[in-house]
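The structure under discussion appears below in the form of structure tokens.
Just so you know, all these numbers are worked out from the coordinates, no wet-lab data involved. These figures come from a predicted structure and were not determined experimentally. Cβ coordinates were reconstructed from backbone atoms using ideal geometry, including for glycine residues, and neighbour counts include every protein chain displayed.
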Amino acid sequence: MVHSVMTIAAEDDAPRVKGRSSLLRSPQFSSFIILVVLLAVFAVADANFLSPLNISNMMAFLPELGIIALGMTLLLTAGEFDLSVGAVFGLAPVLVMLLVQNGGWDIGVALLAGLLLCIAIGAINGLIVTKIGISSFLVTLSMLLVVRGAALYITQGFPLKSWDQPGFFVTLLAGSFNVGSFRFYTSLWWFIGLSLFAIYILRYAKLGNWISAIGSNRNAAVARGVPADAVKIWLFIATSVLAGLAGMISAFRISAASPVAGTGYELEVIAMVVVGGTALTGGRGTILGTIVGALMLRAIRNGIVLIGVPGLAYNIFVGLIILAMLILHALLQKNAARS
Amino acid sequence: MEVLRLQNLQKSFGSVRALKNASLTLREGEVVALLGDNGAGKSTLIKAISGVFPIDRGDIYVRGEKVSIRSTRDAMDLGIETIHQDTSLAPDLSIARNLFLGREPVNFGWLGVFAPLDLAKLRKAASELLKRVGISKKLDADALVSTLSGGERQSIAISRAMQFAAKVIILDEPTNNLGVEETHGVLRFVKEVRDAGHSVLLITHNIHHVFQVADRIVVMRRGEIVAEQTVADTDLLTVESIITGADMSALLKEARAR
Ligand SMILES: Nc1ncnc2c1ncn2[C@@H]1O[C@H](COP(=O)(O)OP(=O)(O)OP(=O)(O)O)[C@@H](O)[C@H]1O
Ligand SMILES: [Mg+2]
């Protein structure tokens, strides 16, 4: 009897055809098309846009927000998000530099202390969200204030000179190399490596199955024995650590650690993730989309400067483009549901 | 042969005593219908058995052996599979991934949660399973559950419970929101599952369904088991009056007075 109930069309080659068209219709693909169009528009509008210097510039900034966006994508897929990443981005390098400059600590030990700080912040976020059951919006918003406040207080509001002696850690996090007339930073390798790892986790690993299931229907996942709380706590920790790593990379690159560094990054990162096609409501995440989203926001910020949009008007454009992307995703989603 | 025995289970949520001394026995190859009005404690009882939350007091025996069920994983390992009232599937995952959620086949198992899924095996096992329950031709194992109808989802959830050869399958209102045809499909499933030797605990508000598939009826009221009868020894009206708690003699008196 059940035979007669099932109504989904069943040609033999249905899965293959479906696979192809669903890639074309997937949110990360439409984001990719828009990215290409944007790049083309900027390239035509200003010849300098594709110059080695400008591309090198974009690639220097890209990993710093991109790395955080990878963690945020996994967290959003599991149905949570983290507003404290920008503050952690600021606090981690400030703490490390204070320990080195005022405490006389070895740079390696100080970096380890910074890492532990990030783990602690992520763990506290995760524990409060899962064990006490307060929404991640409220918990991480409070954490943002605490962490940013701490950064301002321990520095008395003054930026610190960062570690500028060349050495193992600087090379590891912010070394640079030339490819032809392009200048790239090692942070780009970090971003590529972490991206591949995140793609593997989300699409091919058991953990990724759990992350999507938790964000899609937490009760169903728990009923199948998936340790939802533990997974979320570890994702909060990972996101915090990635934010701290990005902060260190940035501080080393510009040889300064400012207590206000990373202000507003939390929203920029979330914008990158959702523009890429990850659902804010959980269950559906795409790392490829996030990479596209990170490239897109970077290109927009860079491109509108080049084409002469007045500085104070930047955010109008960025906001409008994000809004347009989200509307596009919503329309595609509706379309897919109807067909 | 006794498969599952619950003895004096108690569970409170704050001041609400959802379970008071509930005892119940489930034998091999039988369908027991658990009935009772809204809030009687049916879902609480089966959530306790399936490890959603711990019980406050009482004992659970599986095949005569006392067990402690602290997590959903414990219950699954004991062969108890539950299909909850609130949907049991993750809509954003494919059918295949849902079927194996929490028990994914992997390569390099020593990598723990980082182990890669054995996607080929996953897909193959999923389509074999769909074929076994008679829906292979129609459903693609890679299709997202969000694209399925309520009845299809229910079939997937039930086949998942069947696949791990669970001793006990618990269904909490599996025919809720289903059309006539889908409902019959689920009921047919219940019979098939029983014929395959599993024991079924079925929660439903539809007494007609009970008389179609159940061997025994257990009625709960305000956290207690108030009646237990074999289907052959009772009838619809009697069961209905037990559920609502209407005292038959009082009813008769009332009728006579009129
Ligand atoms: N998590 C919870 N927290 C607090 N009270 C709860 C919880 N779960 C159930 N209850 C209460 O316990 C009692 C029994 O609820 P339960 O869900 O077991 O009823 P039910 O018999 O399944 O009802 P229905 O037929 O409506 O599904 C109700 O009074 C309910 O409000
Ligand atoms: Mg219920």
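Listed from fewest to most Cβ neighbours within 10 Å, the set B:I170, A:I327, A:I201 follows the order A:I327, A:I201, B:I170. A prolate overall shape is assigned to region A:189-277, the ratio a/c of its alpha-carbon gyration tensor axes (a ≥ b ≥ c) being 1.5 or greater and a/b exceeding b/c. Be a star and scan region A:171-195 for residues whose amide nitrogen sits under 15 Å from the point 7 Å along the Cα-to-Cβ vector of A:L53. From region A:171-195, the list is A:181-183.
Between B:E28 and A:L267, the C-beta separation translates, for a Förster distance of 60 Å, into a calculated FRET efficiency of about 0.55. Taking a straight Cα-Cα cut-off under 13 Å and skipping sequence neighbours fewer than 8 places away in the same chain, the aspartates and glutamates within cross-link reach of B:K131 are B:D140.
One chain, two ends: A:V37 and A:Q333. Fully extended at 0.36 nm per residue, the span grows by 104.4 nm beyond their Cα-Cα distance.
Taking the charge dipole of chain A about its Cα centre, with +1 at Lys and Arg Cβ atoms and -1 at Asp and Glu Cβ atoms, the residue from A:L91, A:Q156, A:G277 reaching farthest to the positive side is A:G277. Per-residue mean of foreign Cβ neighbours for A:221-234 is 5 (Cβ atoms of other chains, 10 Å radius). Model label sites at A:I132 and B:F114, defined 7 Å from Cα along the beta-carbon direction, differ in position by 3.2 nm. For B:T82, the residues whose modelled amide H falls within less than 5 Å of its own, excluding neighbours fewer than 5 places apart on the same chain, are B:I170.
Sorted largest first, the principal axis extents computed over the alpha-carbon atoms of the protein assembly as shown equal 96, 57, 54 Å. When DSSP beta bridges are restricted to pairs lying wholly in chain B, around 60% turn out antiparallel. Out of all DSSP beta bridges in the protein assembly as shown, what portion is antiparallel? Express it as a percent rounded to 5. That works out to approximately 65 percent antiparallel. Based on Cα contacts under 8 Å between residues 6+ apart, chain B shows a relative contact order of 26 percent.
Ordered by the count of other Cβ atoms within 10 Å of each Cβ, fewest first, A:I154, A:I304 give A:I154, A:I304.
Per residue, chain B reaches -10000 deg cm²/dmol at 222 nm when only DSSP H runs of four or more residues are counted, each adding -39500 (n - 2.57). Once C-alpha pairs closer than 8 Å and six or more residues apart are averaged by separation and normalised to the residue number of region A:104-251, the relative contact order reads 38 percent. Taking 19 Å as the cut-off, the amide N atoms of region A:250-276 that come nearer than this to a point 7 Å along the Cα-to-beta-carbon line of A:S176 belong to A:250-258.
Scanning chain A for DSSP H helices at least 18 Å long along the axis (C-alpha atoms) with a Kyte-Doolittle mean no lower than 1.0 picks out A:27-45, A:52-77, A:85-101, A:107-127, A:136-155, A:187-204, A:228-254, A:287-306, A:314-338. Here is how the number arises for chain A: DSSP H runs of 4 or more residues each give -39500 (n - 2.57), the sum is divided by the residue count, and the result at 222 nm is -24000 deg cm²/dmol. For chain A, calculate the relative contact order in percent as a whole number, restricting contacts to Cα pairs under 8 Å that are 6 or more residues apart. Here the relative contact order equals 33 percent. Total lysine pairs in chain A at Cα distances under 25 Å, for residues eight or more apart or on different chains: 5.
Using only C-alpha atoms and all pairs of different ones, pull out the Kirkwood radius for chain A in Å with one decimal. Result for chain A stands at 21.2 Å. The mean count of C-beta atoms from other chains within 10 Å of the C-beta of residues in A:207-216, rounded to a whole number, is 6.
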